[in-house]
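Shown next, in structure tokens, is the structure this report addresses.
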Amino acid sequence: MMTRKLRMGMIGGGIGSFIGDVHRKAASIDGMIELVCGAFSSSREKSIESGKALSLPEDRCYGSYEEMILKEKELPKDIRMDFVAIVTPNHMHFPPAKLALENGFHVVCDKPMTLTLDEAIELEAIVNKSNRLFALTHNYTGHPMVKQARAMVINGDLGDIRKIQVQYLQGWLSTPIEKTGQKQASWRMDPKRSGIGGALGDIGTHAENLVEYITGLQIKELAADLGKFGEGRVLDDDGNLLLRMDNGAKGTMSFSQIALGEENNLAIKVYGDKGSLEWHQENPNQLISRWLNKQKKVYTPNGSNLYPEAILASRIPAGHPEGYLEAFANIYKNFALHFMAVSEGKNNENPDYPTVNDGLRGMKFIYASVESDKNNAAWTKLNKSY
């Protein structure tokens, strides 16, 4: 078993970055990964300043991702980074991921995976050809009770899945804060940096991924009605969708960033012919189950009758809350465990973290939704050309 920590390089995530700090904290929780270098900003000065604040030596703080990848490649194997974490806006996911993979580095990338569907298709081919690992940080799949839900569905506890309801409601874009220079809002509402989806790409893809992860099913086609309520916005900030799953099940999805008063209301309900499940991200340590011929049961981390997948994702005794960072950390932990297994010549074709295939599914979901909305919410398949 590998005894050293994995060495991580970071692209983006400089001083003041919310998601960069989240990645660093999550990667460090299990003591399996250490940050060794970074290109934290397109400005060399800001990158060096960010790196010094993180106690990195100046010669491992780079002015661009190209410089970092090519210079790290030249370092001795026992010093250079093992993988890169890409925590930039969407338009800067594909170029560094491509360069890193082609130069022998593994990749962890924020979602959505790329700016365009064409980039996602190309990136999948690059990953498959590179023989390198690629993880996508759909962090909500890391919650112990989400893993319990997935195991229960896959093991047939709920019977045949008939109906799915999922929502992801926020209110932070209820006013046009992008016009005030708010950094996060500014790039998320800019199609040149965000892509063709606004809230759709930001939180809609989380809802889509959670549906497919828990149920093991795929969205076959959808009908989407997208909204642009913010003054002057060209990207969606709200959406309602009907879903048809590949097993014949029906689904509904509602997402919004203009749902005034909502904070991070991600929730999912899955209904089978034997039982149903309900999970809320804002109360993540409870998975509610209801049954045809049994009493309602609430599952909790490290509680009773849990599947191994949920137990492995739980770190602390029952009754102690585990949340966002711990779920995020499970993505990094499972990526690190896979990295170690591959390094030792062991094969694992089904790693428990979102991969490039999930990233491509997410981009197809975005494009199908936009296409459907353009055609008055017409039913649109996810596997067509747009």
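None of the figures in this text is laboratory data; all of them are computed from the coordinates on show. Computed from a predicted model, the values in this text were never measured in an experiment. Cβ placement follows ideal geometry from the backbone for every residue including glycine, while neighbour counts extend to all protein chains displayed.
Do any GluC sites (Glu not before Pro) in the range 243-316 lie in a DSSP loop with no more than 14 other beta carbon atoms within 10 Å, and if so, which?
Hits after loop and neighbour filter: E263, E282.
Take each uninterrupted DSSP H stretch in the chain, measure its Cα extent along the helix axis, and return the ones at 18 Å or beyond whose mean Kyte-Doolittle hydropathy is at least 0.5.
The answer, listed by residue number, is 324-343.
Modelled label-to-label distance, L325 and T252, 7 Å Cα→beta-carbon offset: nm?
With each label point 7 Å from Cα toward Cβ, the separation is 3.7 nm.
In the structure shown, do any of K163/K220; K250/K381; K71/K183 have a Cα-Cα gap over 19 Å, and if so which?
Violating the 19 Å limit, Cα to Cα: K71/K183.
Rounded to the nearest 500, what is the 222 nm mean residue ellipticity of the chain from helices alone, with -39500 (n - 2.57) per DSSP H run of 4+ residues and division by all residues?
So the calculated ellipticity at 222 nm is -10000 deg cm²/dmol.
Please compute one quarter of the surface area of the Cα convex hull for the range 160-302 and express it in square nanometres.
If I average the Cα hull's projected area over directions, I get 9.7 nm².
Select one label from (i) 37, 20, 19; (ii) 36, 26, 18; (iii) 33, 26, 20: the one whose number is semi-axes √(5λ) of the Cα gyration tensor in Å as derived from the coordinates shown.
Identified label for the calculated read-out: (iii).
Give the percent of DSSP beta bridges with both residues in the chain that are antiparallel, rounded to the nearest 5.
60
Translational diffusion coefficient, Stokes-Einstein: compute it for the range 56-142 using the Kirkwood radius over C-alpha pairs as Rh, at 25 °C and 0.890 mPa s, and state it as an integer in µm² s⁻¹.
181
Using per-residue counts of other Cβ atoms within 10 Å, averaged over each peptide, order 158-168, 183-193 from highest down.
Descending packing order for the listed peptides: 158-168, 183-193.
Setting aside same-chain residues fewer than 8 positions from K179, which aspartates and glutamates have a Cα under 13 Å from its Cα?
Those aspartates and glutamates meeting the cut-off are D190, E231.
Please identify the GluC sites (Glu not before Pro) of the range 321-353 that satisfy two criteria: DSSP loop assignment and at most 13 other Cβ atoms within 10 Å. Which are they?
Taking the range 321-353 and a limit of 13 other Cβ atoms within 10 Å, the loop GluC sites (Glu not before Pro) found are E344, E349.
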